[in-house]
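The values are calculated or read from the model by the stated rules, or taken from the named source; none is laboratory data. All of these numbers come straight from a predicted model, not from anything done at the bench. When we count neighbours, we look across all protein chains shown, and the Cβ atoms used for this are built from the backbone with ideal geometry, even at glycine. All accessible areas refer to the heavy atoms of the entire protein, side chains included, with ligands and DNA or RNA removed. Shrake-Rupley method; radii C 1.70, N 1.55, O 1.52, S 1.80 Å.
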Amino acid sequence: MARYTCSFTVADDVEFLRQLLSQVLHSCHLDIQHDKSDYMMARERLGQVSFSKLVKVEALIDKTIATNSATRVNLIVKNEELPLQTDNHCYQMFNLVKQAIVDNCQWQLVETAV
């Protein structure tokens, strides 16, 4: 299973962050499957790639340290594909989502692992 993670901090409140995150995921051709107060999961649309390559994105909003001025989000991008190549589909989607966050929302992105 391919799996890529990063963390970032948004200089805004949780509700505004959830709205922006939903917009970013939709712009990356991902459909929101679950949307709770501290968790959001989106999945790549069927028909674009084989089933094993379908990417899921999980966003975990850390409300324990959230303030009115900053909220931390952990992002996990994964699929069932074996990562036999460095530049596999899951990694490409990970970069797409990460770049969309940086470009569209101008959030401060702090990577933890790739």
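Close Cβ contacts (under 8 Å, 6 or more residues apart or on different chains) running from residues in segment 10-26 that are among the polar types (S, T, N, Q) to residues that are at pLDDT 85 or above comprise SER22/ILE32; SER22/ASP35; SER22/MET40. Among residues of segment 24-75 being in a strand (DSSP E or B) and of a type in the set (Asp, Glu), the one that is most open to solvent (accessible area, probe 1.4 Å) is ASP35. Does THR64 qualify as being modelled with pLDDT under 85, touching a helix residue (DSSP H, G or I) at 6+ places or on another chain (Cβ under 7 Å) and of a type outside the set (A, V, I, L, M, F, W, C)? No. Note on segment 4-23: among residues that are among the hydrophobic types (A, V, I, L, M, F, W, C) and under 12 Å from the mean Cα position of the chain (by Cα), the one that is most open to solvent (accessible area, probe 1.4 Å) is LEU20. Each residue in segment 76-93 was checked for being among the acidic types (Asp, Glu) and surrounded by fewer than 12 Cβ atoms within 10 Å (Cβ to Cβ), and 1 pass. Taken together, the criteria place LEU96 among residues that are open to solvent by 30 Å² or more (accessible area, probe 1.4 Å), closer than 22 Å to ALA2 by Cα and either in contact with a Ser or Thr (Cβ under 6 Å, 6 or more places away or on another chain) or part of a helix (DSSP H, G or I) (or both).
For segment 4-23, which residues satisfy the criterion of being outside any helix (DSSP H, G or I), of a type in the set (A, V, I, L, M) and touching a strand residue (DSSP E or B) at 6+ places or on another chain (Cβ under 6 Å)?
Result: VAL10, single match.
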